[in-house]
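Report on the structure given below.
The values are calculated or read from the model by the stated rules, or taken from the named source; none is laboratory data. In this text, all values refer to a predicted model and were calculated from it rather than measured experimentally. Note that we place each Cβ from the backbone using ideal geometry, even for glycine, and neighbour counts take in every protein chain shown.
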Amino acid sequence: MKRAEVNPSADRGLSAGARHPSLSLRNRIAFYYTVTTALLMALVFAVILFSINRIIYLHFDQDLRHEASETMQNARLSGKFFSEMEGFAEPDSGTVRSSGNKEAIERLNSDSGFIQLVNRKGRVFARSQNLDNHTLEFNTGYSGVRFYNGAVGIEQVRAIQVPLINKKGETDAWLVVAVPTGNIIRIFLDLKNIMLASFPVIILFLFILTRAIAGRSIRPVEEVIATAETLTQENFGQRIPLPGKQDELYRLSVTINALLDRLQEAFEREKHFTADASHELRTPLAVLKGTLEVLIRKPRVVDHYEEKIRYCLYELHRMSRLVDQLLILARYEQGSVTLHIAPMEFSSALESVLSRMEPLALEKRISFLREKQADGMVSADPAMLDMILENILSNAIKFSPAGSSIDIDVVCQSGLLVCTITDHGPGIPQEKLLRVFDRFYRADESRSSGTGGFGLGLSIVRKLSDLQHIGVSATSREHEGSTFRLVFQQR
């Protein structure tokens with residue numbers, strides 16, 4: 001048995017796709033929105049907590065400054081106080097040498113906070129009674145005013161340390177004042193914990209809610225996908241249901257429906273083109289096959305062989321012209337037609353085509369009447385212009401009755417050169433006039449079948465004219481004839 005070949009790159013692609021599945025649109029929307037909102041919420045929470053924390057301590061620090069200032073004034077902790085400070089007994093010694101000093105120490109008592117004095121050696125020599133045996137934290141190595149957090153026993157406090165300067169400008173002692181933070185800090189910490197605990201819950205709930213909203217919002221997109229997946233050749237006319245609100249999704253649905261309309265039109269056009277081309281080719285092939293089969297059944301006279309061979313050659317010539325015209329249209333559709341635009345005299349190009357078409361016109365005793373013969377320079381591809389004029393004149397000859405005329409007028413007006421070619425044939429009904437430039441279209445099938453046309457000549461005229469920016473139009477009145485009009489920009 002032959003071993004099945006394995007494509008390593010395909011396996012790697014499949015495994016990579018399996019390892020890294022892409023998120024759906026609704027999940028991506030929900031994820032990006034949630035991440036953005038989470039960052040914004042985190043920033044807002046941080047700003048709120050920072051602001052509250054700053055405001056709380058700002059109020060505490062203002063109260064501490066006021067308390068320290070009031071304490072210094074009440075206890076006279078300046079000037080005379082420093083001269084009395086030598087008589088202060090250390091609180092640890094349990095003795096006080098001066099009644100005046102005792103009164104000064106008692107004046108340190110405060111109902112709103114804790115107060116203590118620290119000498120230059122770092123010893124506490126006075127403190128308020130509500131401190132009991134506790135000591136407020138201090139730092140004698142810090143020379144300026146300092147705010148900090150501390151504790152008295154189990155109670156949290158906010159403290160200020162103020163240097164006491166003597167007359168010599170030296171720091172003799174430090175005043176430390178502290179106030180309990182009480183429930184305010186606990187409330188702040190509780191708020192902080194609540195925010196931190198609720199943050200992931202809010203984000204999770206937000207993701208679920210956003211995903212649901214995104215799913216509802218992109219429901220029209222899912223309908224687009226569902227409709228596109230069910231489109232086949234049999235139900236190509238199905239369209240996407242339009243949302244109730246005329247928003248971006250509504251515009252998307254309208255745009256896709258318009259695209260489907262164009263695709264269906266192109267599909268139908270190509271289907272008809274294929275069917276018509278097959279029919280046009282099948283008919284001469286069937287004639288050729290039948291004629292040749294009849295010829296080989298039994299011997300014929302030479303004249304009969306010559307007649308049938310000429311007939312076969314005529315059908316082959318028709319097939320060749322059809323194939324050439326189909327190739328021209330195919331090259332135009334593919335954009336592979338090469339233009340060779342050059343300035344040229346229109347009258348010369350018209351004369352050249354008329355001389356070639358004159359033998360065909362003489363077979364039906366048709367004459368070319370030329371009353372208005374202006375001349376001018378135009379920009380065009382010579383070969384393509386010949387083909388445009390030849391197809392229009394050929395079409396006019398086909399549908400003109402024997403012994404009639406074809407009127408050809410060339411005029412110049414407002415910088416334009418206008419050529420009109422008018423026949424006196426049966427004309428084209430108004431409801432069919434707009435389709436005369438469509439491929440394989442015949443205004444009258446029964447009449448066209450006798451002329452040997454395929455319904456491609458005017459289609460080629462339209463394509464080549466558009467390619468060179470030449471205006472082409474048709475007007476007609478039934479039983480009176482048709483007029484084809486070419487408009488050129490003059491050089």
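Being closer than 17 Å to residue 343 by Cα, touching a Pro at 6+ places or on another chain (Cβ under 8 Å) and not polar (S, T, N, Q), is that true of even one residue in segment 374-395?
Yes; the residues of segment 374-395 include at least one that is closer than 17 Å to residue 343 by Cα, touching a Pro at 6+ places or on another chain (Cβ under 8 Å) and not polar (S, T, N, Q).
Within the group 405, 400, 367, which residue is hydroxyl-bearing (Ser, Thr, Tyr), crowded, with 18+ Cβ neighbours inside 10 Å, more than 28 Å from residue 489 (Cβ to Cβ) and out of contact with any Pro (no Cβ under 8 Å at 6 or more places or on another chain)? Lay out the reasoning, then the answer.
Working: 405 fails: crowded, with 18+ Cβ neighbours inside 10 Å; 367 fails: crowded, with 18+ Cβ neighbours inside 10 Å.
After applying the criteria, what remains is 400.
From the list 185, 213, exactly one residue is surrounded by 12 or more Cβ atoms within 10 Å (Cβ to Cβ), within 33 Å of the chain's Cα centre (by Cα) and not in a strand (DSSP E or B). Which is it?
On the way: 185 fails: within 33 Å of the chain's Cα centre (by Cα).
Criteria check complete, one pass: 213.
Name every residue in segment 347-366 that is of a type outside the set (A, V, I, L, M), assigned to a helix (DSSP H, G or I) and over 13 Å from residue 408 (Cα atoms), in order of residue number. Talk me through it step by step, then tell me what you get.
We begin by selecting, within segment 347-366, every residue of a type outside the set (A, V, I, L, M); these are 347-348, 351-352, 355-356, 358-359, 363-365.
Next, from what is left, pick out any that are assigned to a helix (DSSP H, G or I): 347-348, 351-352, 355-356, 358-359, 363.
If the condition is that a residue be of a type outside the set (A, V, I, L, M), assigned to a helix (DSSP H, G or I) and over 13 Å from residue 408 (Cα atoms), then 348, 352, 355, 356, 358, 359, 363 are the ones that fit.
Consider residue 207 carefully, then state whether it is part of a helix (DSSP H, G or I), in contact (Cβ under 8 Å) with a residue 60 or more places away in the chain and over 30 Å from residue 113 (Cα atoms). Let's see the steps before the verdict.
Working: part of a helix (DSSP H, G or I): yes; in contact (Cβ under 8 Å) with a residue 60 or more places away in the chain: yes; over 30 Å from residue 113 (Cα atoms): yes.
Against the criterion (part of a helix (DSSP H, G or I), in contact (Cβ under 8 Å) with a residue 60 or more places away in the chain and over 30 Å from residue 113 (Cα atoms)), residue 207 qualifies.
Could you list all residues from segment 460-488 that are part of a strand (DSSP E or B) and buried (at least 16 other Cβ atoms within 10 Å of the Cβ)? Break it down into steps so the answer makes sense when it comes.
To start, the set of residues in segment 460-488 that are part of a strand (DSSP E or B) comprises 471-477, 481-488.
The answer is 472, 474, 476, 481, 482, 483, 484, 485, 486, 487, 488.
Go through segment 19-69 and count every residue that is within 31 Å of the chain's Cα centre (by Cα), farther than 16 Å from residue 213 by Cα and surrounded by 15 or more Cβ atoms within 10 Å (Cβ to Cβ).
So the answer is 2.
Of the numbered conditions (1) free of Cβ contacts under 8 Å to residues at least 24 places away in the same chain; (2) within 46 Å of the chain's Cα centre (by Cα), residue 381 fails exactly one; give the number of that condition.
The number of the failed condition is (1).
Do we find a residue being farther than 19 Å from residue 486 by Cα and modelled with pLDDT under 85 anywhere in segment 361-382?
So the first thing to find is which residues in segment 361-382 are farther than 19 Å from residue 486 by Cα, and the list is 361-367.
If we keep only those that are modelled with pLDDT under 85 too, we end up with none.
Within segment 361-382, none of the residues are farther than 19 Å from residue 486 by Cα and modelled with pLDDT under 85.
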